[in-house]
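Okay, structure first, notes after.
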Amino acid sequence: MVLGMVPALIVGAAFAAGFIALGINLEAIVTAATPFADNWQEPFRLGARVVLGIALLVAVFIVLLLVFVTVTLFVGAPFYEKIWRHVESRYGAVPEDTRGIVRATWSGIGDGIRMLLPAVLVAIPLFLVGLIPVVGQVLSPVLGAFFGGWFLAVELVALAFDSRGKTLSDRRATLRSRRPMTLGFGVATYLVFLLPLGAVIIMPAAVAGATLLARRELGLDSLNEQNRTRS
């Protein structure tokens, strides 16, 4: 579990630096994006730019968080595969991925890209919602938690599904059939990731939890199977 924090820490540091850089330059970016407000009277000018800045930060943060998970899983593949195998081994034989290293790597990259494209597209309407004064600043983060939680769940169960020959489409269809459970896990993980260093500390546990979620979604009742094995 400690080793699983290493790739998350490295990737997280790089992403945090980028997000901090955005925050430092946010005023200049928002001002450059709203030249039409230069002649507005206060507090309308300041209010419009504050709303735009918050909406931009929320949208960028959601995309960065999802990209963080994808990149971290790729960079720390050996660590997270070991965690996944440990969890799977507690309930029986560990399924073997027969695709080979090269094929599995390219498949993982392709799935990651296919995951991120919808995430970016979702961030656009969330950004627009965030532009609604007062209501948008509440609604955008809430919707972001649900969308982000869903994408996190789909991404984190990849090891368990891929090892069983399941495609990204299979993942989505299976998780969609039990959406409340999927969102319960995904949104909770998303909210913990919002805490300082939360993503770094919880990432290994999230992989372990996602393995259990995948087994349950696939109809492999971990508790009953463990009891049968003991008996």
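Miscellaneous remarks
Every residue, every condition in (1) within 19 Å of residue 175 (Cβ to Cβ); (2) part of a loop (DSSP other than H, G, I, E, B); (3) in contact with a Gly (Cβ under 7 Å, 6 or more places away or on another chain), yes or no:
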site	(1), (2), (3)
128	no, no, no
136	no, no, yes
142	no, no, no
145	yes, no, no
151	yes, no, no
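- Within the stretch 41-57, the set of residues being surrounded by fewer than 17 Cβ atoms within 10 Å (Cβ to Cβ) and either among the charged types (D, E, K, R) or in contact with a Ser or Thr (Cβ under 9 Å, 6 or more places away or on another chain) (or both) comprises 42, 45.
- Positions within the stretch 41-56 being free of Cβ contacts under 8 Å to residues at least 40 places away in the same chain and touching a helix residue (DSSP H, G or I) at 6+ places or on another chain (Cβ under 7 Å), in sequence order: 45, 48, 49, 53
- Residue check, residue 2 open to solvent by less than 40 Å² (accessible area, probe 1.4 Å) and either closer than 27 Å to residue 142 by Cα or not in a helix (DSSP H, G or I) (or both): no
- Some residue of the stretch 106-118 being at pLDDT below 65, farther than 22 Å from residue 173 by Cβ and open to solvent by 40 Å² or more (accessible area, probe 1.4 Å): yes
- Qualifying residue in the stretch 43-52 (condition: not small (Gly, Ala, Ser) and not in a helix (DSSP H, G or I)): yes
- The selection criterion, being surrounded by 15 or more Cβ atoms within 10 Å (Cβ to Cβ) and at pLDDT below 90, does not hold for residue 188.
- Qualifying residues in the stretch 70-81 (those that are free of Cβ contacts under 8 Å to residues at least 40 places away in the same chain and open to solvent by 70 Å² or more (accessible area, probe 1.4 Å)) - the one nearest to residue 4 (Cα to Cα): 78
- Near pairs, Cβ below 7 angstrom, 6+ apart or cross-chain, from the stretch 1-29 (under 30 Å from residue 87 (Cβ atoms)) to any residue that is among the basic types (Lys, Arg) and open to solvent by 60 Å² or more (accessible area, probe 1.4 Å): none
- Answer residue from the stretch 82-93, given it is among the hydrophobic types (A, V, I, L, M, F, W, C) and open to solvent by less than 40 Å² (accessible area, probe 1.4 Å) and is nearest to residue 4 (Cα to Cα) among those: 83
- Assessment of the stretch 202-213 against the conditions (at pLDDT 90 or above and either over 16 Å from the mean Cα position of the chain (by Cα) or on the phi > 0 side of the Ramachandran plot (or both)) yields at least one matching residue.
- For the stretch 158-169, a tally of residues being in a helix (DSSP H, G or I) and either under 15 Å from residue 148 (Cβ atoms) or open to solvent by less than 60 Å² (accessible area, probe 1.4 Å) (or both) returns 6.
The values are calculated or read from the model by the stated rules, or taken from the named source; none is laboratory data. No experiment lies behind these values; they were computed from the predicted model shown. Neighbour counts are summed over all protein chains in view; Cβ atoms, including those assigned to glycine, are modelled from backbone coordinates with ideal geometry. Accessible surface areas use protein heavy atoms only, side chains included; no ligands, DNA or RNA. Shrake-Rupley method; radii C 1.70, N 1.55, O 1.52, S 1.80 Å.
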